[in-house]
1. Restricting the first residue to the stretch 137-154 and requiring it to be within 16 Å of ALA165 (Cα to Cα), which pairs with a second residue that is aromatic (Phe, Trp, Tyr) meet a Cβ separation below 7 Å and a spacing of at least six or different chains?
2. Counting only residues that are touching a helix residue (DSSP H, G or I) at 6+ places or on another chain (Cβ under 6 Å) and open to solvent by 20 Å² or more (accessible area, probe 1.4 Å), how many does the stretch 195-208 have?
3. With ALA363, ALA370, ALA347 as the choices, which residue is surrounded by fewer than 23 Cβ atoms within 10 Å (Cβ to Cβ), of a type outside the set (Phe, Trp, Tyr) and under 20 Å from the mean Cα position of the chain (by Cα)?
4. Under the condition of being out of contact with any Asp or Glu (no Cβ under 7 Å at 6 or more places or on another chain) and open to solvent by less than 10 Å² (accessible area, probe 1.4 Å), which residue from the stretch 305-328 is farthest from LEU412 (Cα to Cα)?
5. Within the group SER54, SER21, which residue is surrounded by 21 or more Cβ atoms within 10 Å (Cβ to Cβ) and within 22 Å of ILE328 (Cβ to Cβ)?
6. Give me the residue from the stretch 249-300 that is hydrophobic (A, V, I, L, M, F, W, C) and without any contact (Cβ under 8 Å) to a residue 12 or more places away in the chain and, out of that set, most open to solvent (accessible area, probe 1.4 Å).
7. What are the residues in the stretch 266-295 that are under 23 Å from the mean Cα position of the chain (by Cα), in a strand (DSSP E or B) and of a type outside the set (D, E, K, R), if any?
8. Considering only residues that are part of a helix (DSSP H, G or I) and free of Cβ contacts under 8 Å to residues at least 12 places away in the same chain, look in the stretch 78-111 and name the one that is most open to solvent (accessible area, probe 1.4 Å).
Amino acid sequence: MSNVRAIAAQTLFQVVDKGVSLSTQLPIAAKLVAPKDKALLQNMCYGVLRYLPSLEHYCQKLLEQPLKGKNRVFQFLLYVGIYQLQHMRVPSHAAVAETVNALAELRAPGLKGLINAILRNFQRQQAELEASANDIPVCKYNHPSWFIKAVQAGYPESWELLLEANQQQAPMWLRVNQRQNSAEQYANKLNEQAIGFSQDDRFVDGLLLNAPCDVDKLPNFSVGACSVQDAAAQLAARLLAPENGERVLDACAAPGGKTCHLLELADCNVVAIDADEIRLQRVEDNLARLSLSAHCLQGDASQPDDWWDGEQFDRILLDVPCSATGVIRRHPDIKWLRRASDIEDLALIQRKILNNIWPLLKAGGTLLYATCSVLPAENRNQITAFLAEHTDAQLVPLHSEDTETTPGMQLLPGTTDGFYYAKLFKKN
């Protein structure tokens, strides 16, 4: 099998320089390394993306000039090596030696001296380099400047905590399938398997594992006893509160976690749409594992005339395309693939979808607007504008401070992912 550090460097080059998402590139890369090295590969790729500005800064100080062009992959190999020395428990001598050995697979043995010297110099100058990085906000917080400014404006009291949370490993939450077990019953099954967990009264279907584990180790996972879904995402179905016999639309449904949760809670007729045919298949796969059924349609939520049958819905879950800035810790490449200009473009798409889906809701029906974003431009600003333009829309408060001037409920990364919800009632 291939050298894991060489594969990590090549993967990072594809993500950062070529703009390929990590969720696309990492599964391809994982097939090239030994099974025992897959976790190491993921750790190094996630880690370099989390700390990319700092690593770039160190190399800028240590290299006379950056490695460019056909040598660019070796720049990423240096990031892999420095990340190991700074953040991993790999013995330093092994980190240096194995990183240098990766050059054989990358067919650049002539660079061994350079890579070895840079890594050794980092060890000698580490304290000084770290201090200099802390003087630069982008390096100190390891987020792009535009995003730091956006969260400072949106959360003047807690922006540093938000950035810090983005640098942590994401927790693993389970959603218990209430058709098979109560949360308490499934908790007992976890206890029997010595799988540690905790519970939070805010999330009635959720169990938070003390440490991530392979789903194959979860009791009855293959037959649908539970699903892996963050607690913030679990709120969607509970807030929409479907009832038996209702016609429910799950717009932008892939990968299907919320679709399945709706059907776990009620015998409703769910229409699940998504524009991406491949991602829609994941909805079908999740439904099959849970022995649930929904009508899945490929379609663009912004153009319902192309797929809607004309019959209105009692409830609509509208989980719109967004910046995904609430799930950066799960997808650290978001920090480097997103641009400030993307937010304005996404906000226009979200507004179009919300305006075009609203007519599909019956009078007396409920729509839940959702994003996995922490940016007000995609969240409360959208709902404020929508309420001002639609006199038949009424905000349903989700907490005491949920008003038309500050609508919705914003969860920030921490115990859960970053998510936003706003609940709207359609007046007669």
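The values are calculated or read from the model by the stated rules, or taken from the named source; none is laboratory data. Note that the structure is predicted; figures quoted are calculated from it, not measured. Here the Cβ positions follow ideal geometry from the backbone for every residue, glycine too, while neighbour counts run over all protein chains shown. With ligands, DNA and RNA removed, areas are computed over all heavy atoms of the protein, side chains included. Shrake-Rupley method; radii C 1.70, N 1.55, O 1.52, S 1.80 Å.
1. As it stands, the answer is ASN142/TYR51; ILE148/TYR141; VAL151/TRP159; GLN152/TRP159, since those pairs meet every condition given.
2. Residues flagged as touching a helix residue (DSSP H, G or I) at 6+ places or on another chain (Cβ under 6 Å) and open to solvent by 20 Å² or more (accessible area, probe 1.4 Å) within the stretch 195-208 amount to 1.
3. That would be ALA347, the only listed residue that is surrounded by fewer than 23 Cβ atoms within 10 Å (Cβ to Cβ), of a type outside the set (Phe, Trp, Tyr) and under 20 Å from the mean Cα position of the chain (by Cα).
4. Residue satisfying both the conditions and the ranking: PHE313.
5. SER54
6. That would be ILE278.
7. Matches in the stretch 266-295: ALA272, ILE273.
8. If we take residues in the stretch 78-111 being part of a helix (DSSP H, G or I) and free of Cβ contacts under 8 Å to residues at least 12 places away in the same chain, then HIS93 is most open to solvent (accessible area, probe 1.4 Å).
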